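**Student:** Submitted below is the structure of interest, expressed as structure tokens.
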């Protein structure tokens, strides 16, 4: 029997970056095939190509032995391919039946759709009451509905992009059990996941991507979490040096969190579970974590933006926070750079006198910072939205350092920056640490993080682990994936 | 650099003027198409608003006072991102309170009675706006819905008041007794112009300074522009700012109700307001939420309303035709704004 889906020699570039290089991937009828890889390894790019969201630069796609080209998702759906995205794509105010009918293109009376959904639920096991409104469903049921929508459109090939990342552990288990039970009813499934145990529990085969190339592909039977982690992180990683040891003569504790727990923010992720962490003056601590493992909550609790549910937090001075989303959280686009500076410095600034703002003084300081940090802008009265991403981030970093913080939090501060701007931001963090600031930084790229940090802590499913000085890259990578020490 | 800023400043000034011109042109065309004597009608419109000293002092300015006062409040709320469209109801809440308290204070000296009446109206407007603020922050009911629906409640309340607790002693008409002299605002002799004009001009100047030069004003603007960044970077309690701005805008609308009762009508009755609370939204928007510009746009809309009565009297043109002109002005301003925003986004994108 030909494979349900075969991708051959797929290559895709984004600008100068080669996201995928001659990737071969085949999905057998009826199997569950786990697709693993670090952040940026190319998993989502590969699945986007299989779903017609992206066109490959080279390579071919064949479905049940017939070579086809997928121009868009509608094309992919016509060929029986369904995709479940990381985030919910249903309309909250509509009922389950309405959402399914919309996704599958049914033109039926409401009771007919409901009956059809019940029949589908019986044959597939993905049961959701068709009359319920989506906004009233739990996260687990919502994700089950996403799968049901794909199946209602007669999908024979299911692409699941981290379907459990937004679910609590019991909901995630229930969904996986369902996917496993569903195996062998003629539907082939690709499961993208960061959770190695998930892959080992339910998949038949596994393919591992590293930096856009397939580094391993085979049956899951013979794999362990350790062996999969080794594939993902690379053999060479074993010998690569870990972070430099902590500078010993530091100037005292600047932040101390004890058994700090924070409920999850927004709809997804794990929240923070009883984390204990201290930051010393002059150290640059790297926080390694896969998205949604509690780093958002940790940063915001220290910055005073999220209320802990338990635990204590002691701070030795001002906390400055560089949030991940520049345009949404760090800057007001329609405000000038001067106004953004005034916003960030709050009420303790030389230009504030009681309730009055001395704009001339603020503008003069903004102009100085623009020059000092190399922000390319028309001047202090330029609107923040008129700057490029790199220059916006230079301004945000300048604002954070201008607060003379005791603790500096940087949440993925190089996101979306070109190499030069990213290097500059990292150099600013380094020099801040040298001048005695306690810096906590999270970067999605583990190699960048290792090159920057003097000490690494790992967050996995909300649990914080301190790693001994000199822990290897592989050890850190395995901890991020929730694999215990060997 | 400075040249481009100067051009931007001109665009900012020219769009409202062009919008007004467009509104008047459409009005003239509509009059002509409907078979009226357009030049005569437009002349009557002008005379009604600006034609004589009497028109200005007794028709234009008394109408401008509530429009400016309410418009200032709406501008403040919109700047903070609170879409208060319940100024009509807040105006009536203020009018009820002013009537009630004013009727009780006949024996007080005027210097105490008038401030008390105004304070009562302001407080009533504040409380009326506090309801949708609480509904929004506690229960997630959008303030657009809350403020809008409370308009109907306030109107029903007035209707009940003037047939019940506040009805005149003779119990014939659905209106209150006239306010005692002690509770009335001083009036320029021989006109209908009252002291509220000076107060509201002072308020406009004060709010302008607050938004430009003070930290609370800056925090209010930041909250409206990007509440997330305002709280993450600025440490601003944006919920508090939102509630305060909505409350303040209710207080100003309530104050306008107090001005109307103690300065113009001297009594409470149904349809005391010819829709001031809604027209003032247009006043604030046309002024781009700028307090000083609100004075100008308030005068413009007052002139249109005063002129429309004259137009009806002298040229037999129904006054509602003027609403067409008002609507065209608003639509033109909104379109010009949207166009400008898209252009500046396109420039930022390059």
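**Student:** Of (1) assigned to a helix (DSSP H, G or I); (2) within 21 Å of residue A:85 (Cβ to Cβ); (3) at pLDDT 85 or above, residue A:173 satisfies all except one. Which?
**Tutor:** Status for residue A:173: all satisfied but (3).
**Student:** Does residue B:242 satisfy being part of a helix (DSSP H, G or I), out of contact with any strand residue (DSSP E or B) (no Cβ under 9 Å at 6 or more places or on another chain) and more than 10 Å from chain A (Cβ to nearest Cβ)?
**Tutor:** Spelling it out, residue B:242 is indeed part of a helix (DSSP H, G or I), out of contact with any strand residue (DSSP E or B) (no Cβ under 9 Å at 6 or more places or on another chain) and more than 10 Å from chain A (Cβ to nearest Cβ).
**Student:** Scan segment A:461-474 residue by residue and report those that are crowded, with 22+ Cβ neighbours inside 10 Å and closer than 22 Å to residue A:41 by Cβ.
**Tutor:** If the condition is that a residue be crowded, with 22+ Cβ neighbours inside 10 Å and closer than 22 Å to residue A:41 by Cβ, then A:473, A:474 are the ones that fit.
**Student:** Continuing with the same structure: Within segment A:130-139, how many residues turn out to be under 26 Å from the mean Cα position of the chain (by Cα) and surrounded by 19 or more Cβ atoms within 10 Å (Cβ to Cβ)?
**Tutor:** Result for segment A:130-139: 2.
**Student:** While we're here: Exactly one condition in (1) surrounded by fewer than 21 Cβ atoms within 10 Å (Cβ to Cβ); (2) at pLDDT below 85 is not met by residue A:201; state its number.
**Tutor:** (2)
**Student:** Out of segment A:413-441, which residues are surrounded by fewer than 23 Cβ atoms within 10 Å (Cβ to Cβ) and not in a helix (DSSP H, G or I)?
**Tutor:** A:415, A:416, A:417, A:418, A:435, A:436
**Student:** Restricting to segment B:80-99, count the residues that are surrounded by fewer than 24 Cβ atoms within 10 Å (Cβ to Cβ) and part of a helix (DSSP H, G or I).
**Tutor:** Total satisfying the criteria: 0.
**Student:** Got a sec? Which helices (runs of 4 or more DSSP H) wholly within segment B:112-225 have at least 1 residues that are modelled with pLDDT of 95 or more and more than 14 Å from every other protein chain (Cβ to nearest Cβ)?
**Tutor:** The qualifying helices (runs of 4 or more DSSP H) are B:143-161, B:196-213.
**Student:** If residue B:313 meets every condition in (1) away from chain A (no Cβ under 13 Å); (2) assigned to a helix (DSSP H, G or I); (3) farther than 26 Å from residue B:23 by Cβ apart from one, which number is that one?
**Tutor:** Residue B:313 satisfies all of (1) away from chain A (no Cβ under 13 Å); (2) assigned to a helix (DSSP H, G or I); (3) farther than 26 Å from residue B:23 by Cβ except (3).
**Student:** Would you say residue A:410 is surrounded by 23 or more Cβ atoms within 10 Å (Cβ to Cβ), within 29 Å of the chain's Cα centre (by Cα), within 14 Å of chain B (Cβ to nearest Cβ) and not in a helix (DSSP H, G or I)?
**Tutor:** Yes, satisfied.
**Student:** Considering (1) away from chain A (no Cβ under 14 Å); (2) in a loop (DSSP other than H, G, I, E, B); (3) touching a residue at least 12 places away in the same chain (Cβ under 8 Å); (4) out of contact with any strand residue (DSSP E or B) (no Cβ under 6 Å at 6 or more places or on another chain), say which one residue B:259 fails and leave the rest.
**Tutor:** Tallying (1) away from chain A (no Cβ under 14 Å); (2) in a loop (DSSP other than H, G, I, E, B); (3) touching a residue at least 12 places away in the same chain (Cβ under 8 Å); (4) out of contact with any strand residue (DSSP E or B) (no Cβ under 6 Å at 6 or more places or on another chain), residue B:259 fails exactly one: (2).
**Student:** Checking residue B:271 against (1) out of contact with any helix residue (DSSP H, G or I) (no Cβ under 7 Å at 6 or more places or on another chain); (2) farther than 30 Å from residue B:41 by Cβ, which test does it fail?
**Tutor:** So residue B:271 meets the others, but not (2).
**Student:** Would you confirm whether any residue within segment A:107-115 is within 22 Å of residue A:157 (Cα to Cα) and surrounded by 13 or more Cβ atoms within 10 Å (Cβ to Cβ)?
**Tutor:** No: zero hits.
**Student:** Let me ask another. I'm checking my understanding of the structure. Among residues of segment A:475-486 that are under 20 Å from the mean Cα position of the chain (by Cα) and in a helix (DSSP H, G or I), which one is surrounded by the fewest Cβ atoms within 10 Å (Cβ to Cβ)?
**Tutor:** A:477
**Student:** Next up: Consider residue B:285 carefully, then state whether it is touching a helix residue (DSSP H, G or I) at 6+ places or on another chain (Cβ under 7 Å), within 14 Å of chain A (Cβ to nearest Cβ) and either under 19 Å from residue B:217 (Cα atoms) or assigned to a helix (DSSP H, G or I) (or both).
**Tutor:** No.
**Student:** A further question on this structure: Got a sec? Which of A:31, A:38 is closer than 20 Å to residue A:207 by Cα, modelled with pLDDT under 90, surrounded by 16 or more Cβ atoms within 10 Å (Cβ to Cβ) and in contact with a strand residue (DSSP E or B) (Cβ under 9 Å, 6 or more places away or on another chain)?
**Tutor:** None of the other options fit; the residue is A:38.
**Student:** Within segment A:382-398, track down each residue that is assigned to a helix (DSSP H, G or I), at the interface with chain B (Cβ under 10 Å from one of its Cβ atoms) and touching a strand residue (DSSP E or B) at 6+ places or on another chain (Cβ under 8 Å).
**Tutor:** Matches in segment A:382-398: A:384, A:396.
The values are calculated or read from the model by the stated rules, or taken from the named source; none is laboratory data. Remember, it's a predicted structure, so these values are computed and weren't measured experimentally. Every residue, glycine as well, gets a Cβ built from its backbone with ideal geometry; the counts of neighbours run over all protein chains shown.
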